[in-house]
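Chemist: Below is a structure I'd like to ask you about.
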Amino acid sequence: MISFQEKTFFRLSLFIALFLAVGCGRREPTAEETLAEAESFLATGEFRTAIERLEAYDEIHEGRPEIVETLAEAYAAEGDMALSAFHYLRLADIVPGDPLPLLFAAGALREAGDAPGAVRAYEHYLEQNPEDTAVWRTLAQLHLERGNRQEAIEAYLRSNRHNPDGTTQVAIGRLFLQGNNLAQAQSWFASAAEKRDEARPEAFLGLIETALAANRPGDAETVLRQMDEEFPRLFDRSRLAPKRRELVAWRERQDEARRAAEALSRARREAEQRATPPPDPPVVAEPTPTPAEDATRAARRESERVAEQLREAARAEAARADTRPAREPGETAPPEPEPSDALARARRLLDDSDASAAVSAFREALRDDRDNPEVWMGLSEAQLRAGQADWAQASASEAVRRDPSNPVYTMQFLRAAHQALPPDRLIREIERARDRFPESPDILFALARAYDEVGNDPRSARVYYRRYLELAGPEHPRRNHAEAALRRL
């Protein structure tokens, strides 16, 4: 017979079993079942139902990567790119070794109109996957959309470091051209043209546009001739097609000046031949010249003088035509200032390496034209060669004050400052110059060299040598020095 205690135990066990049976009948779905159900709803376009199922599971079992990833996809399918990006960023925190969620989050943020968030997500992705050149180019485009040209250049430079293709180099050259950094633009366009890939025609157009902006129509004509040979009629379908007429007009002026010079040279030789009398027979005493002979000799001298003046005028016109931009027919050229006698003499003395005499001549030129930065620039160079570094720095500073946008004057100032200033002040001056010309590889190189040679800061020197190498063109003359310094440091 069953005791009371046994009956009680049996009834309690049955109650527990029944409770568990009821509970099992209402059990929660597994992650796999939730995913399968959500994917079926997504396939039929029931995005909101799929999202509700996934969020219900995520509230209880937060952080399951497959659930969070499907949530991000579901919100993207529904068109809510901000919430899609939010869940992709959650996924990036859950699986930190996988950079793809950051890439998807960046794309979603860009579509959602959150450009700063997209930039941060792309940058975090590139920290883990720095060789993805396509993403570097995407980041550059995003910087351009936001108006950040310098950041765009740096992104393109990083892409070019890993994959130096012509398309990227053309993009770099165009950004430098937009910033009026013509030397860098020409260097990058020339490098792109050497790749001989699909970007070569655009590289030719960039070289022509840069040459015209630099007032070098002869160089533009040379590149155009090569482009016409390789890609017939392509230039005439490009945005620069109207420039062909300007180059043709420039060439016609050049040919006209050359023909005028040749005609003057022939006229001079013919005048000399006509005016030269036959040799006189030997006599003991030279006869007194007749009035007719005097008139002939005077006419010959006058003819030679006029011919020489005309020849010099033709030479001057040809030289000016080389440097003038092409003008429309009928347009009047502005008068070009001629250098003073003192300035011309000072330049000759400097070319002849007579620095002390050049200093005096440049000072004399300043009395005639004190506001000309070129005179101050020449005086600074003469003083630097004469060993007067302090005065050279002061003169270069005057040139910079009169034309602060000219990097040549700034570089002259830094050259003199390198010899005249203590290390801390020199570095401060170069940093100020870098702030004014952030795209100048010469100034970045000067800053790296200052940190390396006088600042005793190898870490900063390495940073700026690397930035110089990223910014400088492939043929920049200081690349070898910078690369050697990086290996040494």
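FYI, it's all coordinate maths here, none of it is from the lab. Because the structure is a prediction, the values reported are computed rather than measured. All Cβ positions, even for glycine, are placed from backbone atoms using ideal geometry, and neighbour counts span all protein chains on display.
Chemist: Take the stretch 175-226, drop everything but the C-alpha atoms, weight them equally and run the Debye formula without solvent; then report log10 I(q)/I(0) at 0.19, 0.28 Å⁻¹ to two decimals.
Modeler: -0.54, -1.08
Chemist: Tell me the net charge near S84. Cut-off is 9 Å between Cβ atoms, S84 excluded, with +1 for each Lys or Arg and -1 for each Asp or Glu.
Modeler: -4
Chemist: Between D368 and E145, what is the FRET efficiency for a Förster distance of 60 Å, r being their Cβ-Cβ separation, to the nearest 0.05?
Modeler: The value I calculate is 0.70.
Chemist: Ok, one more. Express the C-alpha Rg of the stretch 62-129 as a ratio against the empirical globular expectation 2.2 N^0.38 Å, rounded to two decimals.
Modeler: Ratio of Rg to 2.2 N^0.38 Å for the stretch 62-129: 0.99.
Chemist: While we're here: Roughly how compact is the stretch 96-173, stated as its Cα Rg over 2.2 N^0.38 Å to two decimals?
Modeler: Its radius of gyration relative to the 2.2 N^0.38 Å reference: 1.05.
Chemist: If you build the convex hull over the alpha carbons only and average its shadow over all orientations, what do you get for the stretch 26-72? Give it in nm² to one decimal.
Modeler: It is 3.1 nm².
Chemist: Can you give the extra length, in nm with one decimal, that the chain gains between T30 and A344 once fully stretched, where that is 0.36 nm per residue apart less the Cα-Cα distance?
Modeler: 104.0 nm
Chemist: Kirkwood hydrodynamic radius, computed over distinct alpha-carbon pairs, for the stretch 377-488: how many Å, to one decimal?
Modeler: For the stretch 377-488, the Kirkwood estimate is 14.2 Å.
Chemist: Sticking with this one: Which FRET efficiency value, to the nearest 0.05, do you get for L489 and Q419 by plugging their Cβ-Cβ distance into 1/(1 + (r/R0)^6) with R0 = 22 Å?
Modeler: For L489 and Q419, the calculated efficiency is 0.40.
Chemist: Okay, moving on. Just add up the charged neighbours of R347: K/R +1, D/E -1, any other residue whose Cβ is under 12 Å from the Cβ of R347.
Modeler: -4
Chemist: How many nm is it between the label spots at D98 and E46, if each spot is 7 Å from the Cα in line with the beta carbon?
Modeler: So the label points at D98 and E46 sit 2.7 nm apart.
Chemist: Based on the Cβ-Cβ distance of R274 and A249, what FRET efficiency does E = 1/(1 + (r/R0)^6) give at R0 = 30 Å, to the nearest 0.05?
Modeler: Once rounded, the FRET efficiency stands at 0.20.
Chemist: When Lys and Arg each count +1 and Asp and Glu each count -1, what net charge do the other residues less than 13 Å away from A36, Cβ to Cβ, add up to?
Modeler: -4
Chemist: I need the phi-derived Karplus couplings for the stretch 442-448: 6.51 cos²θ - 1.76 cosθ + 1.60, θ = phi - 60°, integer Hz, Gly and Pro marked x.
Modeler: Each residue's phi maps through the Karplus curve to give 5, 6, 4, 5, 4, 5, 4 Hz.
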